[in-house]
Amino acid sequence: MMKKELTCIVCPIGCQLTIAEKAAGAYDVTGHTCKRGPQYAINEMTNPTRVIPTTVVIKNAMLPRLPVKTAEPIPKGQIFDAMAIINQVVVEAPIKTGDVVVKDLLGLGIDVVATRTMDKN
């Protein structure tokens, strides 16, 4: 039986969760205060994902870098592959918040979007 302890990051409380595998695909989660804690713990055990906030190069704008993020969480194990692609991106101003900067990152069906509007310089 696998057992893991982690801090929940779903809400500001930061509960100390304990998750134990009872049987194949069945988990027992303790230590949560809100109802979202158990699902977070199970996801961390079975398929951990993260949203990637980062920046890309932008040309002809008031700043040299444009803040971006993945529109949805991606598998944690693919973060370095995703960053290798994102680090090569160069965009041209103007860009609006929500504009797609990278379409279908790693074939996951998840886009990388701008999180700030930048006008042309």
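Some notes on this structure:
- For the chain, the spread of Cα coordinates along the three principal axes comes to 57, 29, 17 Å, biggest extent given first.
- Relative packing of peptides 59-71, 84-96 - highest average C-beta neighbours within 10 Å first: 59-71, 84-96
- Sequence-separation-based contact order of the stretch 3-46, relative, with Cα cut under 8 Å and 6+ spacing, percent: 33
- Taking the C-alpha atoms only, the angle from helix 37-46 to the longest principal axis of the chain is near 80 degrees.
- Candidates 82, 100, 53 compared by Cα position along the dipole of the chain: farthest toward the positive end lies 53, with charges placed on Cβ.
- Taking the Kirkwood radius as Rh and the Cα radius of gyration as Rg, the stretch 53-114 has a ratio of Rg/Rh equal to 0.96.
- Counting 0.36 nm for each residue step from residue 78 to residue 21 and taking away their Cα separation leaves a gain of 18.0 nm.
- Taking all Cα pairs closer than 8 Å and separated by 6 or more residues, the relative contact order of the stretch 3-121 comes to 19 percent.
- Assuming charge only on the beta carbon of Lys and Arg (+1) and of Asp and Glu (-1), the dipole of the stretch 13-121 about its Cα centre is about 300 debye to the nearest 20.
- Surrounding net charge for residue 70, when Lys and Arg each add one and Asp and Glu each subtract one, Cβ distance under 10 Å: 0
Every number here is computed from the coordinates shown, using simple stated rules; none is lab data. Because the structure is a prediction, the values reported are computed rather than measured. With ideal geometry, Cβ positions are generated from the backbone for all residues, glycine too; neighbour counts draw on all protein chains shown.
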